[in-house]
Amino acid sequence: MARLPRGKTKHAASHSAAMKAKWQDPDYRAKMAERDSKRETLRKADPERFTRTGIPNGMRKDEAQRLWAIAEAQADKSIQTLKAVGLLPETAASASQSANASTLESGNHSAIPVPDTDDRMAEAALREAFKLALGPTGTRAKVAALAIIMKYTRLPPMAVRQLATGTAEGVLDELANRGP
């Protein structure tokens with residue numbers, strides 16, 4: 001929602017007086033307290049439902065999650081291409097990665113796997129950069145992610161020109177079509 005000019009409010013002064021009168025009513029106060037406690041219980045049970053992290057403005061959550069899933073699949077494909085070309089070293093299968101990787105506990109009690117070798121950390125960082133470059137992010141985030149990818153993979157100047165005139169997907173296609 002857009003901000004209002006200083007000194008302006010969304011509601012008339014009578015609205016404020018009506019709300020103050022409502023909150024004086026014990027039944028209304030109990031109903032609101034019940035609503036708030038129910039919301040907190042739901043938030044504790046499913047915190048992901050109450051956050052918009054990773055969802056751009058103007059986009060619905062299900063649409064953003066679908067686009068992130070597509071970006072993740074494309075990022076995995078790009079990582080496999082980098083491995084096939086020889087720009088990224090082969091690492092063990094994901095099952096052994098999770099066995100050797102330590103976990104980091106975040107604030108919402110979910111475990112985040114942390115790679116234990118430099119090669120795996122580079123792969124994880126590149127995978128995230130590919131996801132940001134291909135996912136539903138703003139131009140600034142896409143350019144920053146592509147800069148990381150270009151710096152690591154040392155894309156030729158023609159790819160940089162293609163980025164300036166085309167799309168992020170064009171640069172990633174150039175990377176995928178590049179031979180060993």
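For the reader, a short list of remarks on this structure follows.
- Residue list for the stretch 39-83, filter: closer than 16 Å to A122 by Cα and of a type in the set (A, V, I, L, M, F, W, C): A75, I79, L82
- Every residue from the stretch 102-132 that is within 23 Å of A145 (Cβ to Cβ) and either modelled with pLDDT under 75 or of a type in the set (D, E) (or both): L104, S106, I112, P113, D118, D119, E123, E128
- When G86 is tested against (1) small (G, A, S); (2) in contact with a Phe, Trp or Tyr (Cβ under 8 Å, 6 or more places away or on another chain); (3) on the phi > 0 side of the Ramachandran plot, just one condition goes unmet, and that condition is (2).
- Checking the stated criteria, A13 turns out not to satisfy the condition of being more than 27 Å from N57 (Cα to Cα), open to solvent by 60 Å² or more (accessible area, probe 1.4 Å), modelled with pLDDT of 90 or more and among the small types (G, A, S).
- Filter pass, A69 being at pLDDT 85 or above and open to solvent by 80 Å² or more (accessible area, probe 1.4 Å): no
Conditions tested, residue by residue: (1) under 14 Å from the mean Cα position of the chain (by Cα); (2) at pLDDT below 95; (3) surrounded by 10 or more Cβ atoms within 10 Å (Cβ to Cβ); (4) not β-branched (V, I, T).
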site	(1), (2), (3), (4)
D27	no, no, no, yes
M32	no, no, yes, yes
P47	no, yes, yes, yes
M59	yes, yes, yes, yes
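- Against the test of being surrounded by 11 or more Cβ atoms within 10 Å (Cβ to Cβ), in contact with a strand residue (DSSP E or B) (Cβ under 8 Å, 6 or more places away or on another chain) and at pLDDT below 90, the options Q97, Q80 yield a single qualifying residue, Q97.
The values are calculated or read from the model by the stated rules, or taken from the named source; none is laboratory data. The model shown is predicted, which means the values in this text are computed figures rather than measured ones. Note that we place each Cβ from the backbone using ideal geometry, even for glycine, and neighbour counts take in every protein chain shown. With ligands, DNA and RNA removed, areas are computed over all heavy atoms of the protein, side chains included. Shrake-Rupley method; radii C 1.70, N 1.55, O 1.52, S 1.80 Å.
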